[in-house]
Amino acid sequence: MSKIWKEVLLGGAVAALFFLSQAGINIWPVIVVVGGIIFFYYFMPGKDLIGSKIGIGKPATSKITFLDIGGQEVAKRELKEALDFALDKERTEVLGIRPLKGILLSGPPGTGKTLLAKAAANYTGSAFLHASGSEFVEMYAGVGAKRIRDLFDKARSLARENKKGAVIFIDEIEVLCGARGRHASHLEYDQTLNQLLVEMDGISSQEQILIIGATNRIDILDPAILRPGRFDRIVRVDLPDKAGRLHILKIHTKEKPLASDVDLTELARECYGFSGAHIESLVNEAAINAHRRNELQISWRDFSDAQEKVMLGEKLDRKPPEEELNRVAVHEVGHAIFGEFEKPRSVSSVTIVPRGQALGFVRQAPVEDKYLYTKDELLGQIRVALAGAYSEDLVFGSMSTGSQNDFSQASRLAKTMVLAGLSSLGIVAEELGQDVLNKEIMRIINQEGVYVKKELASLKEFIVKIAEYLKDKERIEGEKFRQILNKHLNTEANKEKIANDNRPTAAS
């Protein structure tokens, strides 16, 4: 029935009730009877009042292709292979291949799991239905199970129509497939999951249906949903490596005017740890920065500011007192010095502009992506974390509460060393006593603290000099910082060499 006729009937019913009431007829029995009929019609078994208002199983249309997704080549290959089974049934039958029933995309937020599913809708001619895990579970018993049945019935119907099967995508599937037994007071979750398990087995169905699930909490999924025959493949959609980040940057900057000083390869290196969503936000924020400055091109400065905004948040209006600003500047210079000592050319910028919870920040980017760390590398990270506090101690004779997070980070790194067998304790059990663990952590931190203080002692003049520059300019780029630091170190080395040459020998 069209919307117009519904409005006409509703208006007519209201008008009739009004005239009956004016004629002295009691209309309340009519209202109660009609209201009761409507209520029981919608809430009787087999009806889903809430489900009628949402788009579970709605056929998806998308313009995104696999070429629009960067940094996930393995995930794209796995997904395309599974979709090819639906497109080329004859070849799979010749080779005796059982078509895959399910693919689970697992990885951190923002890495492209939903984008991969949207690209799958474009890649295959199969019917493509989508839903979200949160759409299935409601307070009414049996609603979730019914929605699962309706979703698969719709998929089978569409699969019979186009003869190429159907693809069902369920986003945030951990809401639907959490381990059973966790919800003791409400079995609706378990009942919904049981219905999904039965539907995925497909005992009574001959249509080819592929289930694609997406989650960033694979650790809480029920083991029954992960077995082969349900989700045959678990594809890790992880954070992109340097080549992947460069590919994503090229995709998002393809139609944007870039200034000549923008080097996407260098930018990809500095975006270490960024997801695809972070990179998209980075490019967008850089364009906004250029717009604010009334520029027609996006420069490196815009990208540099955008990186800090994506990582820490917008600049804050608060202005710290002069004494506090001095401490922040000295603190950040200490981090930057040891950042360069431990990993040359890793410091991208140093700033004392407050952002989020940070009063200052040293942005570091590794020369190359790393997945394993040696003992020396972990000790180097501990030194970088401690250097800020010991710089304050060197210049002002005391530390401040600004070093609290640095000490926590140093403790976590030291604990990682101990549990990985990289400390003086050697290989240890995970159930190591807390006292023993704490003593070894403090030994490592104190030992590296002595080394940091010794190295910083000769750099007091340099620290004060760069801190004054930061107070004036608020930030210094990594390249300029390295030039000043190397010049200072070379000058000090020459002074020491001249002093040694002029020192009297025993023979003289």
- Task: State, to one decimal in nm, how far the label point of THR491 lies from the label point of GLU295, with both points 7 Å from Cα in the Cβ direction.
- Result: 3.1 nm
- Which entry in (1) -0.32, -0.44; (2) -0.34, -0.47; (3) -0.20, -0.29 matches log10 I(q)/I(0) by the Debye sum over Cα atoms at q = 0.05, 0.06 Å⁻¹ derived from the coordinates of this structure? (2)
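Roughly how many debye, to the nearest 20, is the charge dipole of the chain about its Cα centre, given +1 on each Lys and Arg Cβ, -1 on each Asp and Glu Cβ, and no other charges?
Details: 68 positive and 69 negative charges, 187 e Å.
Charge dipole of the chain: 900 debye, to the nearest 20.
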- Item | Listed residues LEU432, ILE248, SER411: farthest to the positive end of the dipole of the chain (Cβ charges) | ILE248
- Query: For ALA259 and LEU17 in one chain, what is 0.36 nm times their gap in residues minus the Cα-Cα distance, to one decimal in nm?
  - Reply: 80.0 nm
- Item | Too-long pairs where the Cα-Cα distance tops 23 Å, listed order kept, from LYS63/LYS146; LYS439/LYS460; LYS80/LYS113; LYS315/LYS370 | LYS63/LYS146; LYS439/LYS460; LYS315/LYS370
- Sort out the exposed loop GluC sites (Glu not before Pro) in the chain (DSSP loop, at most 13 other Cβ within 10 Å) and tell me the longest stretch that has none. 1-254
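With the Cα gyration tensor of segment 278-407 giving a ≥ b ≥ c as the square roots of its eigenvalues, does the rule (a/c under 1.5 for rounded; else a/b larger than b/c for prolate; else oblate) give rounded, prolate or oblate? Walk me through the intermediate numbers first.
On the way: a/c = 2.47, a/b = 1.30, b/c = 1.89.
The shape class here is oblate.
Using the number of other C-beta atoms within 10 angstrom as an exposure proxy, rank LEU17, LEU413 with the fewest first. All intermediate terms of the calculation are to be shown ahead of the outcome.
On the way: LEU17 16, LEU413 23.
Placing the least packed residue first, the sequence is LEU17, LEU413.
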- Between VAL94 and ILE31, 0.36 nm times their residue separation minus their Cα-Cα distance comes to what? 16.1 nm
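None of the figures in this text is laboratory data; all of them are computed from the coordinates on show. Predicted model only: the values in this text are computed from it and were never measured. Quick reminder, even Gly has a Cβ in these numbers, built from the backbone with ideal geometry, and neighbours come from all protein chains shown.
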